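The values are calculated or read from the model by the stated rules, or taken from the named source; none is laboratory data. Note that the coordinates shown come from a computational prediction; the quantities given were computed from them, not determined experimentally. Backbone-built Cβ (ideal geometry, glycine too); neighbour counts: all protein chains shown.
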Amino acid sequence: MTSKSETENSTQNNSFKNYFTKQRLLVILLLIFILAFSIRGHLLKYEYMFEYDPYWHLRATGYVLQGDLPDNDPLGFYAQGSSDYTKRPQLLWKFTALIYKVTTFGAPYDKWLLMNYARVLPTIFGALISVAMFFLGREIYNRKAGMVMALVSATIPAFVYRTMAGFFEEDALGFLWMVIGFIFLVKAIKNADAIKKHLIYGILSAVFFALMAFTWDMFLLIPLVLVIYFISNLIYLLYKKTSSKEILSFVKTFLTIFILFVALTSLYQGTSWIKKTTNYVGDYLPISKDNVDRIGNKNIPDTDIIGATVGEENTGRQFFLLKYNFLVWVPFVALLIMILYLLFSKNKDHFTLLLFAWIAVTLFMAWSKLKFTYTLGLPIAAGAGFLYYFLNENIEKLKSNKLIFRRIFAVFFAIIIFSSVAAGTHFVSTKVPPINEEPAWENAFFWLYNNTPEGTKILNWWDYGHWLTYFSERKASTDNTNSSVIADANFAQFIITDDIKKTQEILDFYDSDYLIVDSGYFNRYNSFAAYAYITTNFSDPRVTKYMGRTIPCNKLKAKDLDVYAYSCSGEIIPEDQFLTYNTKWVNKPTDILNGSPMYIYRAEDNSEIYIFNSEINNSIFAKIWFNADSVDDLCEIAYKDQDLRLFKFNKDYFKTQNN
């Protein structure tokens with residue numbers, strides 16, 4: 001006989017169990033969100049943003065907050081005025097500004113407070129996308145497949161990288177709209193017979209796809225994926241001998257969504273995106289040798305120096321293991337099994353082809369371009385969810401040895417999930433915001449901010465341009481948008497030229513107040529020459545004639561002896577010899593190497609030596625760096641820190657020369 005207390009305990013336990021069961025979905029989603037946020041949020045321990053481009057987006061957001069977003073960036077490429085804000089989707093900036101205003105109750109713009117928002121928001125967006133992937137997987141297959149999709153999305157390095165703390169770019173927000181758009185697309189097709197639901201879901205799908213177009217240029221993924229899905233699904237439905245009524249229902253639903261998406265996008269973007277999409281297909285569809293070479297990055301135009309030298313323009317396939325880790329095999333296996341599954345399954349499946357198109361398009365993009373490898377992260381998660389569903393369904397159909405296969409299946413997917421979590425966690429833990437590793441540059445930017453008036457113009461190379469404009473709030477001749485190849489070429493010419501008249505022409509055009517450089521530029525003369533002549537022919541004698549190295553050095557003391565020497569990248573140089581190297585420019589070579597005169601200098605603090613040939617030694621930049629008498633009137637050192645120098649140009653001298 002059961003006592004009253006036992007009955008009450010049992011009732012309480014059942015109530016708790018029922019409550020937990022009802023709230024289980026919420027708990028699961030919360031745990032997924034926390035996992036995704038925690039992995040991405042690791043970099044919140046640093047005070048700055050990650051990479052370079054987020055600083056450009058952050059400045060644009062700042063202008064929006066202040067109510068005066070200009071047509072062109074007032075700081076970047078100041079001489080060309082070609083960093084155009086109006087040609088970029090602006091929803092990220094406006095959405096972030098709205099969040100800032102609402103959560104601070106209308107507080108005025110604060111540069112550093114806004115940076116904190118921009119550090120945190122990508123992690124929130126990335127976590128929300130992981131949750132959205134759960135709903136996509138559940139809508140297409142079932143709850144468990146959705147969990148696999150969500151967990152892989154939360155942890156796979158390629159996607160984590162673009163949504164981790166401080167990576168404030170359009171990617172995270174754009175992907176959120178796309179995944180939600182896919183969810184409503186699936187729901188609209190599923191509810192084709194329920195007119196009201198069908199219409200609501202279809203409109204929502206098109207609106208969210210359009211929001212991606214308002215946010216990010218990579219929205220071109222949507223028409224590519226949808227068109228491939230539409231054509232392949234029509235063929236599939238015919239193959240399955242589907243009724244004309246069902247086919248017509250699919251066509252009407254799809255076209256309603258697609259046409260509304262095209263209309264909304266064209267209202268915002270204009271119609272040029274349509275041509276851009278078709279050109280992309282025409283250029284990269286592997287139907288000609290030129291296209292195949294383009295896919296392999298083998299036919300870069302002679303003047304596309306950006307495409308030839310910027311790392312992200314390389315092919316992506318050699319980075320797959322780094323980006324996708326243990327899951328690198330998933331897209332290939334998933335695509336193959338999807339084809340077999342759709343061909344031989346007795347059931348009709350409207351939506352696996354949607355995932356197939358998504359995986360196929362992004363796999364192709366990632367294979368051909370390193371800068372697109374992150375687009376494959378979410379599709380890999382979708383592929384893992386499909387494989388879970390496919391294997392689980394087929395195991396359940398087994399009549400014998402079901403338990404053994406279930407165990408193998410469970411272990412296999414546990415390895416997938418745990419390896420993805422480990423890969424994502426390790427990947428983020430190895431990342432440090434680059435500016436945290438460049439204190440000399442950071443200090444120089446703050447020096448400019450504190451010691452120069454607004455409107456000061458800086459002559460600079462593009463790689464640190466976004467940092468320069470954000471931290472110093474001064475004008476940069478070039479920046480990371482590479483909006484003007486001519487501006488890049490002009491700075492490169494300034495570095496390599498040995499003609500003071502050419503230097504004067506460049507300085508007259510840019511009217512720069514300061515030059516910001518570091519000693520590493522002596523290692524890069526060949527690259528500067530390629531930019532200066534805007535050529536991808538790296539065998540051009542104008543490019544190959546430069547030979548130079550900057551080598552860091554440390555002072556050592558011989559064991560048990562009162563003798564000192566310097567270790568320069570493993571080369572031991574006795575102190576008495578080391579100190580003979582000049583710190584001021586000379587026209588007499590230090591040594592002869594293979595018949596060529598070589599010049600060896602040392603830094604004034606003995607932290608580096610510089611070795612280069614006559615072509616570099618005679619350049620105006622080398623004369624500026626080593627304080628040659630012939631350029632004394634051109635500029636003077638205004639600030640130096642480690643291997644970095646800020647030179648202030650003598651504008652009175654320019655006026656005298658011009659007169």
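Can you pull out every residue in the stretch 500-533 that is acidic (D, E) and outside any loop (DSSP other than H, G, I, E, B)? Step through it out loud before you land on a result.
At the first step, the residues of the stretch 500-533 found to be acidic (D, E) are 505, 508, 511, 513, 518.
Those that are acidic (D, E) and outside any loop (DSSP other than H, G, I, E, B): E505, D508, D518.
Of the residues I495, I458, I516, I506, only one is among the β-branched types (V, I, T), out of contact with any Ser or Thr (no Cβ under 6 Å at 6 or more places or on another chain), modelled with pLDDT of 95 or more and more than 18 Å from V631 (Cβ to Cβ); which?
On the way: I495 fails: more than 18 Å from V631 (Cβ to Cβ); I516 fails: more than 18 Å from V631 (Cβ to Cβ); I506 fails: more than 18 Å from V631 (Cβ to Cβ).
Just a single option satisfies the conditions, and that option is I458.
Across the stretch 26-59, which residue is farthest from P108 (Cα to Cα) among those that are surrounded by 22 or more Cβ atoms within 10 Å (Cβ to Cβ) and out of contact with any Ser or Thr (no Cβ under 9 Å at 6 or more places or on another chain)?
Only one residue tops the list, namely F50.
Quick one: in the stretch 192-230, which of the residues that are assigned to a loop (DSSP other than H, G, I, E, B) and out of contact with any Leu (no Cβ under 9 Å at 6 or more places or on another chain) is surrounded by the most Cβ atoms within 10 Å (Cβ to Cβ)?
Step one: of the stretch 192-230, the residues assigned to a loop (DSSP other than H, G, I, E, B) are 192-194, 216.
From the residues that got through so far, the ones that are out of contact with any Leu (no Cβ under 9 Å at 6 or more places or on another chain) too are 192-194.
Values: A192: 19, D193: 9, A194: 12.
Per the criteria, the residue is A192.
Identify all residues within the stretch 294-331 that are at pLDDT 85 or above, out of contact with any Phe, Trp or Tyr (no Cβ under 9 Å at 6 or more places or on another chain) and in a loop (DSSP other than H, G, I, E, B); write none if there are none.
none
Would you point out the residue of the stretch 541-570, among those that are surrounded by fewer than 12 Cβ atoms within 10 Å (Cβ to Cβ) and either at pLDDT 90 or above or not assigned by TED's automatic domain parsing to the domain that holds N606 (or both), that is nearest to P597 (Cα to Cα)?
Of everything passing the filter in the stretch 541-570, P541 is nearest to P597 (Cα to Cα).
If only one of V330, V361, V310 is under 30 Å from T155 (Cα atoms), surrounded by 15 or more Cβ atoms within 10 Å (Cβ to Cβ) and not assigned by TED's automatic domain parsing to the domain that holds L234, which one is it?
Values: V330 fails: not assigned by TED's automatic domain parsing to the domain that holds L234; V361 fails: not assigned by TED's automatic domain parsing to the domain that holds L234.
Going through V330, V361, V310 in turn, the sole match is V310.
Say whether the condition of being surrounded by 21 or more Cβ atoms within 10 Å (Cβ to Cβ), in a helix (DSSP H, G or I) and touching a helix residue (DSSP H, G or I) at 6+ places or on another chain (Cβ under 7 Å) is met by at least one residue in the stretch 455-465.
yes
Mind checking whether some residue in the stretch 577-589 is in a strand (DSSP E or B), farther than 19 Å from K501 by Cα and in contact (Cβ under 8 Å) with a residue 40 or more places away in the chain?
Yes - at least one qualifying residue is present in the stretch 577-589.
Could you figure out which of (1) crowded, with 21+ Cβ neighbours inside 10 Å; (2) of a type in the set (A, V, I, L, M, F, W, C); (3) modelled with pLDDT under 95 isn't true of L370?
(1)
In the stretch 453-470, which residues are touching a residue at least 60 places away in the same chain (Cβ under 8 Å) and either closer than 21 Å to D110 by Cα or among the aromatic types (F, W, Y) (or both)?
Hits for the stretch 453-470 are W461, Y464, H466, W467, T469, Y470.
For the stretch 619-646, give me each residue that is within 38 Å of the chain's Cα centre (by Cα) and part of a loop (DSSP other than H, G, I, E, B). Can you show your working first?
Restricting attention to the stretch 619-646, the residues satisfying the condition of being within 38 Å of the chain's Cα centre (by Cα) are 619-626, 635-646.
The answer is S619, F626, Q642, D643.
Out of (1) without any contact (Cβ under 8 Å) to a residue 24 or more places away in the chain; (2) under 27 Å from F95 (Cα atoms), the odd one out for K197 is which?
Unmet for K197, out of (1) without any contact (Cβ under 8 Å) to a residue 24 or more places away in the chain; (2) under 27 Å from F95 (Cα atoms): (2).
Any residue that is more than 18 Å from L353 (Cα to Cα) and in contact (Cβ under 8 Å) with a residue 24 or more places away in the chain - is there at least one of those in the stretch 232-241? Even if it seems obvious, please write down each step before you answer.
Of the residues in the stretch 232-241, the ones more than 18 Å from L353 (Cα to Cα) are none.
Checked against the condition, which is being more than 18 Å from L353 (Cα to Cα) and in contact (Cβ under 8 Å) with a residue 24 or more places away in the chain, the stretch 232-241 yields no hits at all.
Quick check on my filter: what residues within the stretch 538-553 are more than 22 Å from S614 (Cβ to Cβ) and either without any contact (Cβ under 8 Å) to a residue 24 or more places away in the chain or of a type in the set (A, V, I, L, M, F, W, C) (or both)?
In the first step, residues of the stretch 538-553 are kept if they are more than 22 Å from S614 (Cβ to Cβ); the result is 552-553.
Within the stretch 538-553, just C553 meets the criteria.
Can you name the residue in the stretch 596-612 that is under 37 Å from the mean Cα position of the chain (by Cα) and part of a strand (DSSP E or B) and, of all such residues, is surrounded by the most Cβ atoms within 10 Å (Cβ to Cβ)?
Y610
Here are some residues: T478, T425. Which one is among the β-branched types (V, I, T), over 29 Å from T61 (Cβ atoms) and either in contact (Cβ under 8 Å) with a residue 24 or more places away in the chain or not in a helix (DSSP H, G or I) (or both)? Write out each step before concluding.
Values: T478 fails: over 29 Å from T61 (Cβ atoms).
After ruling out the rest, the residue left standing is T425.
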